[in-house]
Amino acid sequence: MLSWKYNPENYNADGNSYQLVPPGQYRVRIEDAEETISKASGKDMIKLTLKVSGYEGHIWYYQVLDGSTAEKRRNTDNRLGQIFDSFNIPQGDMNLENWKGKVGAANIKNELDNKETMRAVISWFIQRSKQDELPAWQEHPYSEPQPFDVPF
């Protein structure tokens, strides 16, 4: 038998328990960075799990590493350069462990996903030199671990 004390006040009957991040410019933090394979192209890919300042939940950003043509190589290097600059990661540092916890900034937009659900997505990463006007990083109040009624 499970030893969990259910609190019905935590149930969200609307089914949508997260707040959609409105379009705009925000500080974002890399919570996780992992190497994976793109299901669409079969190419190597970086998957970033990002936290948005002041909001609960995460946004995912996928960067496919495509060097199949000179143009695609330039585009991939340009996007990686934007990440390095925004998060103050040394250019060319592909050790993803070093990326975790870094704070940068991004322009966020809202768009429908393939299930017709509105989602916040990254439009682009903001250059470090243009982040001074943004508010300092803020944790969402529910981001801190909450105490449980039962020990684990």
* Asked: Could we say that Gly54 is of a type in the set (Gly, Ala, Ser), closer than 30 Å to Tyr6 by Cβ, in a loop (DSSP other than H, G, I, E, B) and open to solvent by 20 Å² or more (accessible area, probe 1.4 Å) here?
  -> yes
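Open to solvent by less than 50 Å² (accessible area, probe 1.4 Å) and within 26 Å of Gln138 (Cβ to Cβ), is that true of Val64? Can you show your working first?
Values: open to solvent by less than 50 Å² (accessible area, probe 1.4 Å): yes; within 26 Å of Gln138 (Cβ to Cβ): no.
No.
Going through Gln131, Gln138, Gln146, Gln127 one at a time, which residue ends up being open to solvent by 30 Å² or more (accessible area, probe 1.4 Å) and at pLDDT 95 or above? Write out each step before concluding.
Numbers: Gln131 fails: open to solvent by 30 Å² or more (accessible area, probe 1.4 Å); Gln138 fails: at pLDDT 95 or above; Gln146 fails: at pLDDT 95 or above.
Result: Gln127 is the single residue among Gln131, Gln138, Gln146, Gln127 that is open to solvent by 30 Å² or more (accessible area, probe 1.4 Å) and at pLDDT 95 or above.
Hey, can you tell me all the residues within the range 116-142 that are among the aliphatic types (A, V, I, L, M) and under 17 Å from Arg79 (Cβ atoms)?
Taking the range 116-142 as the starting set, the residues that turn out to be among the aliphatic types (A, V, I, L, M) are 118, 120-122, 126, 134, 136.
Listed by number, the residues that qualify are Val121, Ile122, Ile126.
Pull up the range 84-108, narrow it to residues that are assigned to a helix (DSSP H, G or I) and touching a strand residue (DSSP E or B) at 6+ places or on another chain (Cβ under 6 Å), then point me to the one that is surrounded by the most Cβ atoms within 10 Å (Cβ to Cβ). Lay out the reasoning, then the answer.
From the range 84-108, those assigned to a helix (DSSP H, G or I) are 84-86, 96-98; that's our starting set.
Narrowing the set further to residues that are touching a strand residue (DSSP E or B) at 6+ places or on another chain (Cβ under 6 Å) leaves 86, 96.
On the way: Ser86: 22, Leu96: 16.
In this case the residue turns out to be Ser86.
Please state which one of Leu48, Leu80 is under 18 Å from Ala120 (Cα atoms), modelled with pLDDT of 95 or more and surrounded by 14 or more Cβ atoms within 10 Å (Cβ to Cβ). Talk me through it step by step, then tell me what you get.
Numbers: Leu80 fails: under 18 Å from Ala120 (Cα atoms).
Going through Leu48, Leu80 in turn, just one is under 18 Å from Ala120 (Cα atoms), modelled with pLDDT of 95 or more and surrounded by 14 or more Cβ atoms within 10 Å (Cβ to Cβ): Leu48.
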* **Filter result for the condition that a residue is at pLDDT below 95, over 23 Å from Gln127 (Cβ atoms), aromatic (Phe, Trp, Tyr) and open to solvent by less than 90 Å² (accessible area, probe 1.4 Å), over Tyr6, Tyr18** => Tyr18
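The values are calculated or read from the model by the stated rules, or taken from the named source; none is laboratory data. For clarity, every value in this text was computed on a predicted model and none was experimentally measured. Here the Cβ is made from the backbone with ideal geometry for all residues, glycine too, and neighbour counts use every protein chain on show. We work out accessible area using only protein heavy atoms, side chains counted, and drop any ligands, DNA or RNA first. Shrake-Rupley method; radii C 1.70, N 1.55, O 1.52, S 1.80 Å.
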